[in-house]
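The structure under discussion appears below in the form of structure tokens.
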Amino acid sequence: MNLPRGALGVLLVAALVVAGLVLPRWLVFLLALALAKGVAVLSVVVLMRAGLVSFGQGLFFAGAAYAAGFAMRWWGIREALLLVPWSVGLAVGLGALAGLLVARYRDIFFAMLTLALSMVLYGVLIKAYGVTGGSDGIRIPTPTLLGLQLSGDDARLVVYYLAVAATAAAAWAVGRYAAAPAGYLAHAVRDNEVRVAYLGAPVSRIVYAAFLLSSGLAGLGGALTALNVGHVDPGLAYWTTSGELVFIAVLGGTGTVLGPLAGAVVYELIRSYAFKYAPYAWQMLVGAAMLLIILFLPGGLWSPVERVWRRAQG
Amino acid sequence: MKTPILEVEDLTLHFGSITAAERETVIVYPGELVGIVGPNGAGKTTFLNLITGYLRPERGTIRFWGQDVVGLAPHQITALGVGRSFQIPQLFLTLTVRENVLVALATREGRWASVRRPLHEPARVQAADEVLLQFGLLAQADRPAGELPEGGRKLLDVAMAFALRPRLLLMDEPTSGVSAREKFQVMDTLVQALREGGITALFVEHDMDVVRRYATRVLVLSNGRILADGVPSEVLEDPEIRLAVTGRR
Ligand SMILES: Nc1ncnc2c1ncn2[C@@H]1O[C@H](COP(=O)(O)OP(=O)(O)OP(=O)(O)O)[C@@H](O)[C@H]1O
Ligand SMILES: [Mg+2]
């Protein structure tokens, strides 16, 4: 079988479209949430490519989710096709500011600084009750799509398809970035910053660009999550949210675009089943799954699929 | 009189009590192939680090084609047309050998931030393979650079600097790690590539036979000072100089 990668993407999107029609509602909802999270996991993977591990993607995830909430609450904007770009734009703006500070740091310093910034946002969201609703958060009403009023199951399904489309677009963009000079230069920075400089490329700007892309992706994931859940709360900015994204990145594998997305779907499935059958021990089950992955599939869940794919391609 | 490509004047730098560069003054003209010799710790690598902006001198000026480059960052000086290879190879070990060169080529094109087309554009791959062929690395093109043996790494390091098509190339011991048998062969390749590309070069070298055979001029460094500067056949015959460089008469 000699399928180009694009064809695999089209097949997967088609499968997700069909899934929306045939799967039970709860599973469609779970898939929508998983895809939103998967996009945010891609944001972690983009940074990992440049050798940076962020424990603060919640900053952009929550920032964008709240941006959608405020736009609805203050300006009454309910159009999904306005809310999503606005939220992503705000996340990129946050990234542009935060990046000025953190792009100079590496390793544990980068990880801790990103963590600290996200926790600052968490603190603000909790304390500024009058604006943010404190720990109660903000309710997100059902969005409209192209002006169409939706309700009930229809609305759910439309938001799911929005997530599918946005995820496909994000995956395409990340794949393209990874195959282009910009993505390779980020990889080169991870391997050897000195050499990158001695090729004539500015390391700091390469890292900054990766950070912007990453904040946009985390923001997209946050906006989709907000529209799906219909509610935002400060937990989106809490460090466990950011940590979960890193966790899923390792679970799914960081070498490909599909790995993190598959990882997010599997993670959400394990989590919901574990939560259902072992409500007090679900973290333990998720942890055990992770341990098995690290021991037996160190390249992540997706790595065997990738290997088979490569072999089929010759 | 031709305009100099590199003018270094009064260059001085200390690391604590160590004199790494002391009032070094050198003018290099286009087309020269300058060997730099001197004992371990003489300041040869430091000299290259100063010219390329990795280190900032305490005093002195460095001009590349008339332009003052003191205070510029390595990436800016490189972008002006100064290439450099390293004593210890500086590679992207988890990228393939070909990708190492492709990244160099894309950067030289000014496309380091480009997302419009893939890195592996056919024309660029072809250019990369030509470079690899020239350096005898084509058979290893698809292997990760980290799997190359020491000699191969050294060659790839130099090949990446070449791929930038610099006007001035600084090489730090380009043939160390290459077996004695292949040394001359590698130097023949390098010198031919320099000529074809119209590249002026400085190279640090410990092997006096290599310097005698290839350099049009030699700089002798010791304790951060330039002891001698001239035609290799004359300079390297001086017993005082030989003692300073090799410790033997
Ligand atoms: N970053 C640094 N900090 C402190 N001392 C340094 C630094 N770089 C070089 N030195 C010292 O400066 C002196 C010159 O070093 P340099 O590396 O330039 O020597 P070299 O001529 O290249 O020697 P070799 O033949 O061993 O490569 C040495 O004494 C070295 O220990
Ligand atoms: Mg040296």
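The values are calculated or read from the model by the stated rules, or taken from the named source; none is laboratory data. All values reported here derive from a predicted model rather than from experimental measurement. Every residue, glycine as well, gets a Cβ built from its backbone with ideal geometry; the counts of neighbours run over all protein chains shown. All accessible areas refer to the heavy atoms of the entire protein, side chains included, with ligands and DNA or RNA removed. Shrake-Rupley method; radii C 1.70, N 1.55, O 1.52, S 1.80 Å.
If only residues of segment A:181-202 that are touching an Asp or Glu at 6+ places or on another chain (Cβ under 9 Å) and open to solvent by 20 Å² or more (accessible area, probe 1.4 Å) are counted, the one that is nearest to the other protein chains (Cβ to nearest Cβ) is A:TYR184.
Within this structure, B:MET187 passes the test of being in the same structural domain as B:GLN76 (by TED's automatic domain parsing) and either of a type outside the set (Phe, Trp, Tyr) or in a helix (DSSP H, G or I) (or both). Inclusion of B:ASP209 among residues that are in a helix (DSSP H, G or I), within 16 Å of ligand 2 (Cβ to nearest atom) and closer than 27 Å to B:ALA20 by Cα is not warranted.
Filtered by the rule that a residue be part of a loop (DSSP other than H, G, I, E, B), surrounded by 14 or more Cβ atoms within 10 Å (Cβ to Cβ) and of a type outside the set (D, E, K, R), segment B:220-249 gives B:ASN223, B:GLY224, B:LEU236. For segment A:153-162, the tally of residues that are surrounded by fewer than 20 Cβ atoms within 10 Å (Cβ to Cβ), of a type outside the set (A, V, I, L, M) and touching a Gly at 6+ places or on another chain (Cβ under 8 Å) stands at 1. Scanning segment B:97-119 for residues that are open to solvent by 40 Å² or more (accessible area, probe 1.4 Å) and either within 16 Å of ligand 1 (Cβ to nearest atom) or outside any helix (DSSP H, G or I) (or both) yields B:GLU109, B:GLY110, B:ARG111, B:TRP112, B:ALA113, B:VAL115, B:ARG116, B:ARG117, B:PRO118.
Take segment A:36-62 and flag every residue that is open to solvent by 10 Å² or more (accessible area, probe 1.4 Å) and in a helix (DSSP H, G or I). Residues satisfying the conditions are A:LYS37, A:VAL45, A:MET48, A:ARG49, A:LEU59.
Residue-level check: of (1) open to solvent by less than 10 Å² (accessible area, probe 1.4 Å); (2) outside the structural domain of B:GLY198 (by TED's automatic domain parsing), B:PHE47 misses just (2). The selection criterion, being within 13 Å of chain A (Cβ to nearest Cβ), in contact (Cβ under 8 Å) with a residue 24 or more places away in the chain and either acidic (Asp, Glu) or surrounded by fewer than 16 Cβ atoms within 10 Å (Cβ to Cβ) (or both), holds for B:THR94. Here is the figure for segment B:25-46: residues that are more than 9 Å from ligand 1 (Cβ to nearest atom) and either modelled with pLDDT under 90 or within 14 Å of another protein chain (Cβ to nearest Cβ) (or both) total 0. Suppose the filter is modelled with pLDDT under 95 and either more than 14 Å from chain B (Cβ to nearest Cβ) or open to solvent by less than 10 Å² (accessible area, probe 1.4 Å) (or both); does A:PHE247 pass it? Yes, satisfied. Within the span defined as segment A:163-174, every residue fails to be within 18 Å of A:ALA50 (Cβ to Cβ), within 14 Å of another protein chain (Cβ to nearest Cβ) and open to solvent by 50 Å² or more (accessible area, probe 1.4 Å).
Looking across segment B:143-179 at every residue that is farther than 25 Å from B:LEU6 by Cα and within 13 Å of chain A (Cβ to nearest Cβ), the one that is most open to solvent (accessible area, probe 1.4 Å) is identified as B:ARG153. Within segment B:156-177, can you find the residues that are touching a helix residue (DSSP H, G or I) at 6+ places or on another chain (Cβ under 7 Å) and more than 16 Å from ligand 2 (Cβ to nearest atom)? Within segment B:156-177, B:LEU156, B:ALA159, B:MET160, B:PHE162, B:ALA163, B:LEU164, B:ARG165, B:LEU169 qualify.
The set of residues from segment B:1-32 being surrounded by 14 or more Cβ atoms within 10 Å (Cβ to Cβ) and farther than 17 Å from B:PRO57 by Cα comprises B:PRO4, B:ILE5, B:VAL28, B:TYR29, B:PRO30, B:GLY31, B:GLU32. With respect to the stated conditions, A:ALA178 is more than 21 Å from A:PRO85 (Cβ to Cβ), more than 9 Å from chain B (Cβ to nearest Cβ) and either modelled with pLDDT under 95 or open to solvent by 20 Å² or more (accessible area, probe 1.4 Å) (or both).
Take the conditions (1) assigned to a helix (DSSP H, G or I); (2) open to solvent by 40 Å² or more (accessible area, probe 1.4 Å); (3) under 24 Å from B:VAL178 (Cβ atoms); B:GLN87 misses just one of them, which is (1). Only a single item in (1) open to solvent by less than 50 Å² (accessible area, probe 1.4 Å); (2) more than 20 Å from B:ALA79 (Cα to Cα); (3) among the aliphatic types (A, V, I, L, M) is not met by B:ALA123, and it is number (1). Among the residues of segment A:282-309, those that are aromatic (Phe, Trp, Tyr) and either under 30 Å from A:GLY6 (Cβ atoms) or outside any helix (DSSP H, G or I) (or both) comprise A:TRP302, A:TRP309. Selection over segment B:4-23 of residues that are more than 14 Å from ligand 2 (Cβ to nearest atom) and modelled with pLDDT under 90 gives a count of 1. Could you check segment B:51-84 and list, in sequence order, the residues that are open to solvent by less than 50 Å² (accessible area, probe 1.4 Å), away from chain A (no Cβ under 14 Å) and either part of a strand (DSSP E or B) or within 16 Å of ligand 2 (Cβ to nearest atom) (or both)? Within segment B:51-84, B:GLY60, B:THR61, B:ILE62 meet the criteria.
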